[in-house]
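Notes follow the structure.
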Amino acid sequence: MDMGNPLCVGERQLRLPLIQGGMGVGISLSGLAGAVAKEGGVGLISTAQIGWREPDFDRDPIGANLRALAAELRKARELAGGGMVGFNIMVATRRYEAYVRAAAEAGADLIVSGAGLPVDLPKYAAGFPVKLAPIVSSQKAANLICRLWDRRYHTVPDLVVVEGPEAGGHLGFSREEAESLTREAYGQEIRRILDTVKEYGKKYGKEIPVAVAGGIFDRRDVAWALEELGADAVQVATRFVTTWECDAPQAFKDAYLQAGKEDIVITQSPVGMPGRAIANSFLRQGSHPRPRLCHQCLEHCQPDRIPYCITDALVHAAEGDTEHALIFCGSNAWKCRQMESVHQVVADLFPQEAAPASREGGKR
């Protein structure tokens, strides 16, 4: 399968047109990001409550997160062998600007940002060489971000990620859209986004690569995105969960390995957004304990009104307590049937481009 030209993000040329999607809390940290970057793709660390293991997290969650952010990047760099490493930062994060600034100051190569429209991302990252990539789900959102970046900051994105309805975690679609929108129908929207991004790239004399995300699981999905739609790259998350290098605990990975297709459901997040997750006793129970304290995670969360604390639910998942947890996943999580190395996943997605296996590869 010919994948065409390598992915270029700004002046940086990567060997593979691959971005590893950010997964919080604690699922994509330095281990996974560093391994993917070493293979020739982009490794992304999720900043979502990244400091939950810090001793002062309950007292100062944002301070703990910002400290852990820099530490995880340093560890990823040690693994990446010079590969490209960055962060996924949600716009909905409380004190979003501080996270962007900290990521840029730490030396991130790339910031990918969604869960809201990152209309002021260039302002927050100003003065640093970090590349910037918004996540969009519609042509309307792509046009709005490009137009506002152009008008306000005289720039355009270095990369655009198009996240479709098959993605995991919080979705940029209604429950009805996530359940009914077909890949063929959404493919037309992706083509419109490609056209919009291309026009803004022309204005600045540059090519802006577009990565397709959501439901990319095997080489057929890669071929659909790159060859049929004409995208420049793919973003893959779910497939990397059941790798030895993924930072999730084995119990979290086992939940993927044991899930059937019928276990992948759309649920309502306590912050009012639909999300895709694995059905478990936590989702089936009618009531949950009230939040014991506010972890300062999402800007518009109202602790006195939510049915449960999403930070607590995701931390339980990151600690392996999967029956008392929210286990986010993509639509194809049920296809995960064995543990693999990152190299094996990359070789399956890009059979002609994957590098020879390293001597250190395989089970840890």
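When residues of the range 245-259 are filtered for being outside any helix (DSSP H, G or I) and farther than 21 Å from Arg276 by Cβ, how many remain?
1
Sort through Asp348, Asp321, Asp312 and tell me the only one that's closer than 20 Å to Gly215 by Cβ and not basic (Lys, Arg).
Asp348
May I ask you to list pairs of residues, at least six apart or on different chains, whose Cβ atoms are under 6 Å apart, with the first in the range 149-174 being farther than 16 Å from Val112 by Cβ and part of a loop (DSSP other than H, G, I, E, B) and the second being open to solvent by 20 Å² or more (accessible area, probe 1.4 Å) and acidic (Asp, Glu)?
Pro165/Glu177
Can you name the condition, by its number, that Glu262 falls short on among (1) part of a loop (DSSP other than H, G, I, E, B); (2) farther than 26 Å from Gln344 by Cβ; (3) open to solvent by 30 Å² or more (accessible area, probe 1.4 Å)?
Result: Glu262 passes all but (1).
Could you tell me which residue of the range 122-146 is surrounded by the fewest Cβ atoms within 10 Å (Cβ to Cβ), considering only residues that are assigned to a helix (DSSP H, G or I) and in contact with a Phe, Trp or Tyr (Cβ under 8 Å, 6 or more places away or on another chain)?
Lys123
Take the range 193-244 and flag every residue that is assigned to a loop (DSSP other than H, G, I, E, B), among the small types (Gly, Ala, Ser) and farther than 15 Å from Met23 by Cα.
Gly205, Gly230, Ala231
Given the structure, is Leu110 under 22 Å from Ala233 (Cα atoms) and surrounded by fewer than 21 Cβ atoms within 10 Å (Cβ to Cβ)?
The answer is no for Leu110.
Between a residue in the range 80-96 that is under 10 Å from Leu110 (Cα atoms) and any residue that is modelled with pLDDT under 95 and charged (D, E, K, R), which pairs come within a Cβ distance under 8 Å, given they are 6 or more apart or on different chains?
Partner pairs satisfying both residue conditions: Met84/Arg12.
Using the structure shown, decide if Gly51 is open to solvent by less than 20 Å² (accessible area, probe 1.4 Å) and either within 24 Å of Glu353 (Cβ to Cβ) or in contact with a His (Cβ under 7 Å, 6 or more places away or on another chain) (or both).
Working: open to solvent by less than 20 Å² (accessible area, probe 1.4 Å): yes; either within 24 Å of Glu353 (Cβ to Cβ) or in contact with a His (Cβ under 7 Å, 6 or more places away or on another chain) (or both): no.
Taking the combined requirement at face value, the residue does not satisfy it.
Being in a strand (DSSP E or B), farther than 25 Å from His343 by Cα and open to solvent by 20 Å² or more (accessible area, probe 1.4 Å), is that true of even one residue in the range 304-317? Steps first, answer last, please.
Going through the range 304-317, the residues in a strand (DSSP E or B) turn out to be none.
No.
The values are calculated or read from the model by the stated rules, or taken from the named source; none is laboratory data. These figures come from a predicted structure and were not determined experimentally. Because the Cβ atoms are built from the backbone with ideal geometry, glycine has one as well, and the counts that use them run over all protein chains shown. Each accessible area value is taken on the protein alone, full model and side chains, heavy atoms only, with ligands, DNA and RNA left out. Shrake-Rupley method; radii C 1.70, N 1.55, O 1.52, S 1.80 Å.
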